[in-house]
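Structure record follows, encoded as structure tokens.
The values are calculated or read from the model by the stated rules, or taken from the named source; none is laboratory data. Just so you know, these numbers come straight off a predicted model, no measurement behind them. Positions of Cβ are backbone-derived with ideal geometry, glycine not excepted, and every protein chain shown enters the neighbour counts. Each accessible area value is taken on the protein alone, full model and side chains, heavy atoms only, with ligands, DNA and RNA left out. Shrake-Rupley method; radii C 1.70, N 1.55, O 1.52, S 1.80 Å.
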Amino acid sequence: MTAPRTIVELAAEADDAARTATAIAQFSESQSLSIEEAYEVQDLSFARRIERGEEMVGIKMGFTSKAKMIQMGVEGLIWGRLSSAMRVVDGGEVSLREYVHPRVEPEIAFIMRAPLSGNVSAAEAMSAVEAVAPAVEIIDSRFENFKFSLADVVADNSSSSGFVIGDWSDPHTRIANLGMVLEKDGRPVQIGSSAAILGDPVRSLVEASRIVGESGLRLLPGWIVLAGGATAAVALETGSSYRNVVEDLGSVGFSVVD
Ligand code: OOG
Ligand code: MG
């Protein structure tokens, strides 16, 4: 038996895998990892990005819809950290070479106006929001075959790897039940509603406030919060383009080059 790797070693492994787009074995296959330890791995792994000059620009919520939990076979709300280097401009291009096995999912994004942390009501959460927008998240598990336990995925920064934000709308725009269509090359490949995200994406923001509060953090002004995929995620293919078309909010997307 080899000794279990330390949190620092796991953080380095997760970060190297993401940086070099190389698949690794699930941590939980060779050692036990609590959810708390997994967030420590995420924290230290993200700190390596900061050391390389990336900036923390927000957070993403995960498994806020049934569709996502069913697709991945994992349950429990999770969160991950977004960095400046993960942002892709609306209409931009991504290269498959930068990822292991990337997928795209349709989301709703918030941008914060005021700090938020701990237990808040939906009204309190929304009063801290500057604007809302349609978004797509590019997720990429660093684990082989996109398979993981809840602790594994948390340690892997909840599969965060890219995100694209569309035009911002007034925060008073009703977002509780908007039609969302993920298109591939102009054809629908996933159809859903913002109501799939915890019944209303604002509940995801309420959960984000609570969950980061538990880690002693606050959502900061200017930060982006991704509410979570409304449908199952779709694998990216070279030469294709993807758009999330959201009723009343507009659309956002990108295309994939080799
Ligand atoms: C984990 C990330 C989940 C979401 O929106 O639910 C997520 C994964 O599916 O790899 O981003
Ligand atoms: Mg997501």
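So here's what we get for this one:
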| quantity | calculated |
| --- | --- |
| Phi-based couplings in Hz for region 123-131 (Karplus 6.51, -1.76, 1.60; Gly and Pro marked x) | 5, 5, 4, 5, 6, 9, 9, 7, 6 |
| Gain upon complete extension [E29, S84; 0.36 nm per residue less C-alpha separation] | 16.6 nm |
| D170-R210 FRET efficiency (beta carbon distance; Förster radius 35 Å; 0.05 resolution) | 0.90 |
| Residues S95 and A3, FRET efficiency given R0 of 35 Å [Cβ-Cβ distance, rounded to 0.05] | 0.40 |
| Convex hull (Cα only) mean projected area of region 132-209, reported in nm² to one decimal | 6.7 nm² |
| Per principal axis, descending, Cα span of region 1-78 in whole Å | 38, 34, 24 |
| Surface accessible to a 1.4 Å probe, per residue, for the residues of the chain, Å² | 42 Å² |
| Potential extension, S240-E124 segment - 0.36 nm per residue separation minus Cα distance | 37.7 nm |
| Cα convex hull of region 168-256, projected area averaged across orientations, nm² | 6.7 nm² |
| Scattering curve values for the chain, log₁₀ I(q)/I(0), Debye with Cα scatterers, q = 0.10 Å⁻¹ | -0.44 |
| Rounded to 5, percent antiparallel among DSSP beta bridges of region 78-224 | 95 percent |
| Two-site label geometry, A12 and E54: point separation in nm, points 7 Å out along Cα→Cβ | 1.9 nm |
| Fraction of accessible area attributable to carbon and sulfur, region 7-257 (%, probe 1.4 Å) | 49 percent |
| Zone residues, region 17-61, relative to E144, backbone N less than 17 Å from point 7 Å out along Cα-to-Cβ | 17-18, 21-31 |
| Alpha-carbon centroid distance for the pair region 78-95 / region 201-258, whole angstrom | 10 Å |
| q = 0.20, 0.23 Å⁻¹: log10 I(q)/I(0) that the Debye formula gives for region 44-131, counting C-alpha atoms only | -1.35, -1.42 |
| Beta bridges per DSSP with both ends in the chain, % antiparallel, nearest 5 | 85 percent |
